[in-house]
1. Among the residues of segment 122-163, write down those that are farther than 25 Å from residue 24 by Cα and assigned to a loop (DSSP other than H, G, I, E, B).
2. Looking only at residues in segment 77-106 that are buried (at least 24 other Cβ atoms within 10 Å of the Cβ) and within 13 Å of the ligand (Cβ to nearest atom), which one is nearest to residue 185 (Cα to Cα)?
3. Considering only residues that are of a type in the set (Asp, Glu) and away from the ligand (no atom under 14 Å from the Cβ), look in segment 126-185 and name the one that is surrounded by the most Cβ atoms within 10 Å (Cβ to Cβ).
4. Consider segment 204-226. How many of its residues are in contact (Cβ under 8 Å) with a residue 60 or more places away in the chain and out of contact with any Asp or Glu (no Cβ under 9 Å at 6 or more places or on another chain)?
5. Since residue 41 meets every condition but one in (1) at pLDDT below 95; (2) within 15 Å of the chain's Cα centre (by Cα), which condition does it not meet?
6. Can you pull out the residues in segment 186-196 that are out of contact with any Ser or Thr (no Cβ under 6 Å at 6 or more places or on another chain) and either touching a residue at least 60 places away in the same chain (Cβ under 8 Å) or more than 16 Å from the ligand (Cβ to nearest atom) (or both)?
7. For segment 39-70, which residues satisfy the criterion of being within 20 Å of residue 88 (Cβ to Cβ) and near the ligand (Cβ under 10 Å from one of its atoms)?
8. Being under 22 Å from residue 41 (Cβ atoms), in contact (Cβ under 8 Å) with a residue 40 or more places away in the chain and within 11 Å of the ligand (Cβ to nearest atom) is the requirement here; does residue 122 meet it?
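The values are calculated or read from the model by the stated rules, or taken from the named source; none is laboratory data. From a predicted model like this one, the values you see are computed outputs, not experimental measurements. We place every Cβ from the backbone using ideal geometry, glycine too, and count neighbours over all the protein chains shown.
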Amino acid sequence: MLAVVPHPVTVRVPSKVNLHLAVGDVRPDGYHDLTTVFQALSLTDEVTVAVADEPGVEVVGENADAVPTGPSNLAWRAVQELARFSGRDPEEPRVRVVIRKGIPVAGGMAGGSADAAATLVGLSALWRLEVTRDDLARLAARIGSDVPFTLYGGTALGTGRGEQLVPVLSRHTYHWVLAFDRRGLSTPKVFGELDRLRAEGAPPRAGAVEPVLEALATGDPRQLALLLGNDLQAAAVSLRPGLRRTLRAGVNAGALAGTVSGSGPTCAFLCADEQAALRVAAELAGAGVCRTVRVAHGPVPGARVIGGEDAP
Ligand code: ATP
């Protein structure tokens, strides 16, 4: 009798921007406590998982050659976690993962984490596992602190290392322009630079998170724009001084405000509406301050099956 091979499953997964990112002082274990507000954006990756005799990861799209395809790829870590969870051999999963990158690599937009979240959702459909999103979130937190957020999407308050999430009421669709830099920035290096800046002086700190949550509840992008804050921005700008020029160019082009996204170097500009975002994007693209410009909106849902078997 012929075994039935399930169809490949494709999942679309969002990137994130941090509307607020407050970083605590370095702890004895080297980590920092974070208080952050994430928003999931329509700039996405697509991940296809399929049963295959030649297991592994393949990456296509912009900057694909900067992404490892071996066991350090976060998508492969997700394959191994879910294999272990479902009683399969984590060293020999007969699975192929194809990642189509739309999210900049090492861009502060959680691209690798997003691929891990997409793989968890795709594989649980491929293997027909009876798992809830909360089950997957527990596995996700083991892979990386941004993985649970890209699984749920929307807008959320994150604490701990960013993996403890509470959904946030958000009334509006916000329109963003994203400016990608020519090269990525390493997240650990940016945290290290923040520790150094803090040892030497007092780089600016984001204010309280409550006003950000109130602005999201009212849905006024102008109010939110005044409150965008990211403790990692000073460190990212210190490592990549050209970002100062990019941030200024976005605001001069008509954005309400600009912020470095997470650990950078992507700059995210909040705009009044979709038309304003298109105008800002066109002007910024001509300003010669970044590699590529994209428009995106948020919040959008987390990792979702778009082709193949049904999602959990
Ligand atoms: P974060 O915002 O979560 O700090 P990031 O968006 O700045 O992360 P990623 O795109 O996730 O950065 O990549 C960081 C590093 O992780 C890359 O330089 C790459 O070596 C590694 N990596 C592992 N898996 C992936 C993946 N699937 N996609 C992109 N990078 C990956």
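1. 127, 128, 129, 130, 131, 132
2. This residue is 104.
3. Just the residues of segment 126-185 that are of a type in the set (Asp, Glu), to begin with: 130, 134-135, 146, 163, 181.
Then keep just the ones that are away from the ligand (no atom under 14 Å from the Cβ); that gives 130, 134-135.
Values: 130: 8, 134: 10, 135: 16.
Going through the qualifying residues, I end up with 135.
4. Filtering segment 204-226 for residues in contact (Cβ under 8 Å) with a residue 60 or more places away in the chain gives 205-206, 209, 212-213, 216, 224.
Right, trim to out of contact with any Asp or Glu (no Cβ under 9 Å at 6 or more places or on another chain) and you get 209, 212-213, 216, 224.
Result for segment 204-226: 5.
5. (1)
6. Here is the first cut: in segment 186-196, the residues out of contact with any Ser or Thr (no Cβ under 6 Å at 6 or more places or on another chain) are 186, 188-189, 191-192, 194-196.
186, 191, 194, 195, 196, listed by residue number.
7. If we filter segment 39-70 for residues that are within 20 Å of residue 88 (Cβ to Cβ), which is where we start, we get 47-57, 70.
47, 57, 70, listed by residue number.
8. Working: under 22 Å from residue 41 (Cβ atoms): yes; in contact (Cβ under 8 Å) with a residue 40 or more places away in the chain: yes; within 11 Å of the ligand (Cβ to nearest atom): no.
In short, no.
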